[in-house]
1. Using Cα pairs under 8 angstrom and six or more residues apart, how large is the relative contact order of the chain, in percent?
2. Show me, for the stretch 62-75, the HN-Hα J-couplings you get by feeding each phi into the Karplus relation (A = 6.51, B = -1.76, C = 1.60, θ = phi - 60°), rounded to Hz, glycine and proline as x.
3. Only residues of the stretch 54-79 count here: report those whose backbone N is under 14 Å from the spot 7 Å along Cα→Cβ of Tyr8, or say none.
4. Which residues' amide hydrogens lie under 5 Å from the amide hydrogen of Met100, considering only partners 5 or more residues apart or on another chain, with H built in the peptide plane?
5. Going by C-beta contacts inside 10 Å, put Glu115, Glu125, Glu34 in order with the fewest on the left.
6. When a/c reaches 1.5 or more, the comparison of a/b and b/c decides; with that in mind, is the stretch 40-104 rounded, prolate or oblate per its Cα gyration tensor?
7. Counting other beta carbons within 10 Å of each residue's own, what order do Asp26, Asp49, Asp92 fall into, fewest first?
8. Taking neighbour Cβ counts within 10 Å as the exposure measure, how do Lys129, Lys6, Lys70 sort from fewest upward?
Amino acid sequence: MNVQTKRYVTGGIALIAGCLVNYAGDRILGVDVELWWGLGTFGLVWILDLFVVPLIAGIVVAVIFGLGGKWLCYFPPLIVRIINYFTLYYADSLPQGSQMLTFPLWILIVILAVEAAAFGGVIGEIVVKRTYGRLPRHLVYREKGQKSTGE
């Protein structure tokens, strides 16, 4: 198997793992962020589901995929939110006392979840590389007292 094929396989596994983490977090917390229950919607569990679950999913994607995972981590919350929205949209009936978010408000929710996953992707890359930036710290900064070789 060549390097590019391994990268695709690893990316697919990372996407599936991120989607599973996001979906499992939704089910464990018992929250559908696509439903509006009135002002009681915005509770602590809702906030955890919107910000912390995608953050963890982003970390998982970046750690599995490796370098470049901060770009791939945008997709799992997007995929899960789209599937959940259309599943609820085409459902026969919604839970008593709830209604679907309007499409513009739902897009705002999706953007917030994707940005939380982006933060997780950056954290995951920091875990993988042990530094943030393009090069590891020991290649960029010289120890004090070393003379420059004129490179």
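Nothing in this text is a laboratory measurement; each read-out follows from the coordinates by a stated rule. These numbers were taken from a predicted model, which means no experiment stands behind them. Glycine also receives a Cβ, built like all others from the backbone with ideal geometry; neighbour counts cover every protein chain displayed.
1. The normalised contact order for the chain reaches 31 percent.
2. Couplings: 5, 6, 5, 6, x, 5, x, x, 5, 8, 7, 6, 5, 7 Hz.
3. The answer is none, because no backbone nitrogen lies closer than 14 Å to the label point.
4. When sequence neighbours closer than 5 places are left aside, the close amide H contacts are Trp36.
5. Arranged by neighbour count, lowest to highest, Glu115, Glu125, Glu34 become Glu115, Glu34, Glu125.
6. prolate
7. Asp92, Asp26, Asp49
8. Least to most surrounded, the residues fall as Lys6, Lys129, Lys70.
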